[in-house]
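Student: My questions all concern the structure below.
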């Protein structure tokens, strides 16, 4: 009986803990995110090979991408192409090349890029 | 091209444990997990939690926070029922006590976490640069002292392995004729060449990926130069570079640094 009471008490403790202390646990994953929404006319060239897509951005889009990666250094970035979620990654460097690699892209994106 | 700032929903990454004694292993991702360790119901009068993981390159700080919770307070505060807690980091060649204390040595306020009292939040931050690549263990325990009928607990949260270096060293070597540097690296790859010959040389580095750039210059004797290549996307990614020269006498050392090298968590890591 005493053991059951202790277990109940411990469970109650966890529930209380989850509702307060744990909810304050902030990780980079939980902070404000950023979405980069590209349209087809932002893309200068596309290369598709073995389930990977490489995008070469136009000079103006590449410049925007460089500025954005500068601002988002160390933070997460979601990339959408023509409204389709293409990839998510943490920005670890300022991307000056205007090149983006998308591994295992969704079929819908592949279709759009192949028919552009 | 549009940039949209948005609020991410809070993802339920929290893992909860009531662990009287046990071991768990860190995921590859530097994650924030929360745990509550209680000594309640344990026949040996203590509860513990340990987590072992490898310290990745470029991640040389560990941080976290905890609270000591107890039902000994306020009734048994100042008595022999002086329950204790301990948080310890250990790795080959390094042992650090992150936090330790007991009921009588702690400041207390009423708790809303299911116990009578809680201490102020205790934050720890530890330089683990000497332990990179080694298996490290975080160990937490809470012990009953005097008797086992009144419980204490340790609430653990915000445990992070923090990235401290943007670039981490990768491979290195030397070329006396054209060659290839290739491997899994990150969004940015810096290749630094040093001309170790007594005469100048041209050097050209071509990124072999689609839309890869070619960069070239002339290196005077003993001169160093760094080429930077970048590509957006998840890490690691395949890189391959052709290194070539127009010079007859070519002798260069090189070293690679990148935002991702072997042993680091994948990006994104969740």
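Student: Which one is nearest to residue B:159 (Cα to Cα), of the residues in segment B:49-71 that are more than 10 Å from every other protein chain (Cβ to nearest Cβ) and over 22 Å from the mean Cα position of the chain (by Cα)?
Tutor: Among those residues, the one meeting the criterion is B:68.
Let's see how each residue does on (1) surrounded by 14 or more Cβ atoms within 10 Å (Cβ to Cβ); (2) farther than 30 Å from residue A:100 by Cβ; (3) not assigned by TED's automatic domain parsing to the domain that holds residue B:59:
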site: B:178; (1), (2), (3): no, no, yes
site: B:194; (1), (2), (3): yes, yes, yes
site: B:205; (1), (2), (3): yes, no, yes
site: B:222; (1), (2), (3): no, yes, yes
site: B:229; (1), (2), (3): yes, no, yes
site: B:233; (1), (2), (3): yes, no, yes
site: B:244; (1), (2), (3): yes, no, yes
site: B:249; (1), (2), (3): no, yes, yes
site: B:253; (1), (2), (3): yes, yes, yes
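Student: For residue B:105, indicate whether it is farther than 28 Å from residue B:52 by Cα and either surrounded by 16 or more Cβ atoms within 10 Å (Cβ to Cβ) or free of Cβ contacts under 8 Å to residues at least 12 places away in the same chain (or both).
Tutor: Yes; evaluated as a whole, the condition is true for this residue.
Student: Checking the condition modelled with pLDDT under 95, farther than 15 Å from residue B:36 by Cβ and in the same structural domain as residue B:80 (by TED's automatic domain parsing), which residue from B:135, B:145, B:109 passes?
Tutor: B:145
The values are calculated or read from the model by the stated rules, or taken from the named source; none is laboratory data. What you see is a predicted model; the values in this text were computed from it and never measured. We place every Cβ from the backbone using ideal geometry, glycine too, and count neighbours over all the protein chains shown.
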